[in-house]
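These notes concern the structure reproduced below.
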Amino acid sequence: MKGGGVCRVAKRGEEASPARRSYHEPQRATGDLSGPGEGKSGIAQERDQRLGEVDEEGFCAKSISRLDRRFFSGHLWLPLGLFAALVLLFEATDSDLRLSDLFFDFNQGLFFWKNTWWATSLIHSGGKLFVAGVWLGLLFCFVASFTRWGLPRFRAWRAALLFLVLGMISGPATVGCLKLLVNRPYPEHIKRYGGPLEYTKVSQGAPPTNRHYKGFPAGHASAGYGLMGLYFVFRERRPRLAPWGLAFGLALGTLFAFGQHVRGLHYASHNVWSAAICWFEALGLYLWLFRGRLAGIIDHKWIMGAGCPNLGKNSNSSCASLLVSGTKW
């Protein structure tokens, strides 16, 4: 491994190092968090020791912090190129209309799965409840990690929990803002499907209308795509599960997108935009605040490294007091 520091991989059958054991069995913080040498807390020493160690999956924590061309090729340029290709495809062809035609009965003048129980109650309403329940559960675990009851259970996952909580709201929040700013009708509102408006593509702007429509991007699909952040969590904690985390977020978002698509409430291209927004939001959040930290524990060093030096130096700050490991509520 290039660069400073050595990443030691434990041999098969070798006893786990104290740093690796302490990661799975966190100890109570003692001493001054900011003091050098022996004055460091058990949590701070644990975090420093883990930088040169590996977890049971054989994954070097320090190697996570290195950004190279391969990382950007696979996580930025490849998704960006795929997104651009799909956008050009939808703009250059009538693919949006052709895909919506598959679920529209031109004889009866309606989307034949619009009022089905599985599309309305199961996927749409049930999907909202599922995502809300997951988000509240993650938030509860994050808050509980600061309490005496939850400290040993959730402390080691504190950074990952915070990343998922923020990731699940950042992408859908951006999509929600765009829905308020961009006036785009739903498929059921265009003349082809019995509505009053002419069809226009995303690049052509909104058709003339006095009403504000919120058909772009796809909001419900973004709730599922927001869970693509699981990929980055598993990438640092359980690398073998990282592709499955990405697949779960993509599958859930696509399921939500399908439920809305067959009801005439979104074009396929709208769902592509939502997926791209959620992915790049998660990637940006990971690179900005959480890169190399998802397998660790949030403490005052995390605040200083996350671009909040003023908070890190001021122990009286409410935000700093909240995020320092070992704080009890």
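Things to note:
- Just one of the listed residues (86, 99, 82, 110) is aliphatic (A, V, I, L, M), over 30 Å from residue 170 (Cα atoms) and surrounded by 12 or more Cβ atoms within 10 Å (Cβ to Cβ), and it is 110.
- Of all residues in region 173-186, exactly one satisfies the criterion of being surrounded by 21 or more Cβ atoms within 10 Å (Cβ to Cβ) and either at pLDDT 95 or above or more than 28 Å from the chain's Cα centre (by Cα) (or both), namely 175.
- Beta carbons closer than 7 Å, at least 6 apart along the sequence or on distinct chains, pair a first residue in region 230-245 that is buried (at least 18 other Cβ atoms within 10 Å of the Cβ) with a second that is outside any helix (DSSP H, G or I) and of a type outside the set (Val, Ile, Thr) for 232/294; 233/294; 236/294; 236/295; 237/294; 237/295.
- For region 246-255, a residue qualifies if it is surrounded by fewer than 18 Cβ atoms within 10 Å (Cβ to Cβ) and free of Cβ contacts under 8 Å to residues at least 40 places away in the same chain, and the qualifying residues are 247, 248, 251, 254.
- Within region 279-294, residues that are hydroxyl-bearing (Ser, Thr, Tyr) sit with their Cβ atoms under 6 Å from residues that are in a helix (DSSP H, G or I), at 6+ positions apart or across chains, in these pairs: 286/232.
- Subset tally (residues that are in a helix (DSSP H, G or I) and under 23 Å from residue 202 (Cβ atoms)) for region 256-299: 23
- Annotation: of all residues in region 117-171 being free of Cβ contacts under 8 Å to residues at least 40 places away in the same chain and hydroxyl-bearing (Ser, Thr, Tyr), the one that is surrounded by the most Cβ atoms within 10 Å (Cβ to Cβ) is 145.
- Residue check for residue 215: closer than 17 Å to residue 114 by Cβ and assigned by TED's automatic domain parsing to the domain that holds residue 99: yes
- Restricting region 201-229 to residues that are among the small types (Gly, Ala, Ser) and not in a helix (DSSP H, G or I) leaves a set whose member that is surrounded by the most Cβ atoms within 10 Å (Cβ to Cβ) is 218.
- Among residues of region 197-209 that are without any contact (Cβ under 8 Å) to a residue 60 or more places away in the chain, those with a beta-carbon under 6 Å from a residue that is assigned to a helix (DSSP H, G or I) at least six positions away or on a different chain give the pairs 197/189.
- Count of region 261-279 residues, restricted to those that are surrounded by 24 or more Cβ atoms within 10 Å (Cβ to Cβ) and within 13 Å of residue 123 (Cα to Cα), is 1.
- Region 95-128, residues that are out of contact with any Lys or Arg (no Cβ under 9 Å at 6 or more places or on another chain) and under 26 Å from residue 277 (Cβ atoms): 95, 98, 99, 102, 122, 123, 125, 126, 127, 128
The values are calculated or read from the model by the stated rules, or taken from the named source; none is laboratory data. Everything quoted here is computed from the prediction, not taken from an experiment. In this analysis, Cβ positions are derived from the backbone assuming ideal geometry, glycine residues included, and neighbour counts consider all displayed protein chains.
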